[in-house]
Structure formats: structure tokens, C-alpha cells
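Structure first, then comments.
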Amino acid sequence: MTTSLIPTLHLTRVYELLIDTYGEPKNVPDYDALGGLVGTILSQHTSDINSGRAYKQLISTFPSWEEVRDAPTDKVADAIRSGGLANVKAPRIQDVLQTLTEQMQASSYQGTIGQYLYDELVQRTPEEGWRYLRRLPGVGPKTAACVLMFDLDLPVMPIDTHVHRTSIRLGLIGARVSADKAHELFAKVVPAEWVYPLHVNLITHGRRVCHAQRPDCTNCSLYKECAYVGSVNAQETAITG
Ligand code: SF4
């Protein structure tokens with residue numbers, strides 16, 4: 001995918017060091033936006049293993065999203081129990097399915113809920129798709145971005161806790177920039193083909209080296225590009241907008 005966005009010099013150095021250190025991860029999208037959305041809701045506040053188990057149990061209990069929508073909420077909660085917070089996530093998933101169904105009916109759409117969501121997203125720009133998803137009940141900025149980036153391979157970067165923390169420490173964004181604002185800033189300068197590798201590598205870096213508590217700075221390959229240790233000045237390197 002080509003893009004006209006121009007990365008800053010500092011972002012370019014950080015990006016290249018991350019690639020040198022962790023390689024260039026490749027996305028394998030499945031183009032199942034609704035499955036991705038439900039899976040991302042299930043992944044909130046739990047591990048990938050637990051949410052994956054809950055997702056498998058959900059789709060083996062209910063063969064279609066229409067059946068999940070129409071089932072008694074306690075039965076949906078039972079199916080996703082292994083993912084934690086089942087009594088919160090079950091009504092949230094059903095609310096999303098119900099909202100999409102109402103939209104389909106209002107536009108006389110003929111097809112499944114999954115097809116409808118896919119069609120709605122691919123006819124919009126990535127940013128418009130992000131805003132559309134955020135209008136669905138219980139869908140926050142990170143969940144919306146995960147669906148677009150992982151499932152549809154669109155250049156919208158989810159800002160999770162690792163991406164946010166490492167971006168601040170590396171001086172990519174200012175110390176007081178919120179995750180929401182970071183999303184906006186990255187959207188202005190990160191080339192489309194960098195979005196997925198940058199997201200994944202910042203998470204890997206945050207998990208392996210740049211821990212929330214006691215980052216392992218002496219063994220960090222990004223030391224010479226880091227504002228936290230004073231190698232660069234965030235006032236000069238941070239993306240602004
Ligand atoms: S030098 Fe330390 S604070 Fe900076 S990116 Fe590396 S681990 Fe994080």
C-alpha cells in the first residue's frame with residue numbers, strides 16, 4: 001500500500017531500530033470485521049488465551065451472530081464465561097448486534113449482520129470507519145482500531161497501554177498526550193504500511209524491555225533515540241498537531 005504521509009526523522013529512526021530489533025511483523029487479516037469486533041470485546045481485561053477460548057465456545061454454542069443476538073443473555077454469558085466479565089460482555093455483544101440489526105433494517109439491507117458490518121466499513125475511509133465503529137455501544141477507540149487494523153488490514157493504529165507508554169518515553173509524543181490524541185497524531189505522520197509493524201513492535205518492546213516498572217534501559221536497542229533517558233529532547237522530537 002502506498003501513502004503520501006511523511007514520517008518525522010525521529011519516527012523513522014525509531015521505526016527502523018524496532019525493525020532491526022524485532023523484525024517486520026506481517027498482518028494476516030481474515031476480513032471478518034464482526035468476528036473481530038466480538039473477539040476484541042471478549043479480549044478486554046483478560047489474556048489472549050482466555051478470550052480465544054471464550055470466542056471458540058461462543059461460536060460453537062451459537063452457529064450465527066443472529067443466534068447470539070436473539071439468545072437469552074445468560075446463555076451468552078455462560079458461553080463466554082472463560083473470558084471473564086461475562087455478565088458485562090454478553091449484554092455488550094448483544095447490544096452491538098442489536099444496533100447493527102436496527103441499522104440494517106433501516107436501510108433495508110439484505111444479508112447477514114457480518115456482511116453488513118463489513119460493507120459499512122469498506123465503503124468508508126479508515127478514519128470514518130473508526131468513527132463509525134466508535135458509535136456502536138461499548139466500542140472504544142482501541143477496540144475500533146483493532147478491528148480495522150487486524151481484521152481489515154487498514155492503517156488505523158490501536159493505542160494500547162504499551163504503545164502509549166513507549167511512545168511517550170521514546171519522545172514520539174509529548175508526556176501529557178492522551179491515547180486518543182496519540183491516535184490523531186500518529187494518523188498524520190505514520191505511513192500506512194508502517195502502522196501494523198509499528199504497533200506490534202512497540203507492544204513487543206514494551207513487554208520485553210520498556211516495562212512499565214523498571215524499564216531495562218541498559219539493554220535497550222533504542223537507547224540513543226529515547227527521551228526518557230535524555231538521548232533526545234521530546235520537545236524537539238514529539239509529533240505535533
Ligand atoms: S531506553 Fe529505557 S525508557 Fe527508553 S525505550 Fe529503552 S527501555 Fe524504554
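The values are calculated or read from the model by the stated rules, or taken from the named source; none is laboratory data. Quick caveat: nothing in here was measured; it's all calculated off a predicted structure. Counting neighbours? That spans all protein chains shown, and the Cβs are built from the backbone with ideal geometry, glycine included. With ligands, DNA and RNA removed, areas are computed over all heavy atoms of the protein, side chains included. Shrake-Rupley method; radii C 1.70, N 1.55, O 1.52, S 1.80 Å.
Computed from Cα positions, the angle between helix 48-61 and the longest principal axis of the chain comes to roughly 20 degrees. Label sites at Val88 and Lys224, each approximated as a point 7 angstrom past Cα along Cα to Cβ, lie 4.5 nm apart. Per-residue ellipticity at 222 nm from helix content only, as computed over the chain with -39500 (n - 2.57) for each DSSP H run of at least four residues, stands at -17000 deg cm²/dmol.
Heavy atoms of the protein chains alone define the surface here; on that basis the chain has 50 Å² accessible area per residue at 1.4 Å probe size. Centroid-to-centroid, using Cα positions, segment 161-177 and segment 221-241 are 10 Å apart. If R0 is taken as 41 Å, the Cβ-Cβ distance between Thr112 and Thr21 corresponds to a FRET efficiency of 0.45. Evaluated on the chain, the Kirkwood hydrodynamic radius is 19.1 Å, with distances taken between all distinct Cα atoms.
Split the accessible area of the chain by element, probe 1.4 Å, and carbon with sulfur accounts for 51%. Remark: the His211-His45 segment gains 57.9 nm on full extension, using 0.36 nm per residue and subtracting the alpha carbon distance.
Principal-axis analysis of the Cα atoms of the chain puts helix 179-189 at an angle of about 70° to the longest axis.
Taking the C-alpha atoms only, the angle from helix 113-122 to the longest principal axis of the chain is near 40 degrees.
How far, in nm, would the chain grow between Asp119 and Ser60 when pulled straight, counting 0.36 nm per residue and subtracting the alpha carbon separation?
18.7 nm
Taking each residue as 0.36 nm, the span from Val28 to Asn233 lengthens on full extension beyond its C-alpha to C-alpha distance by 70.2 nm.
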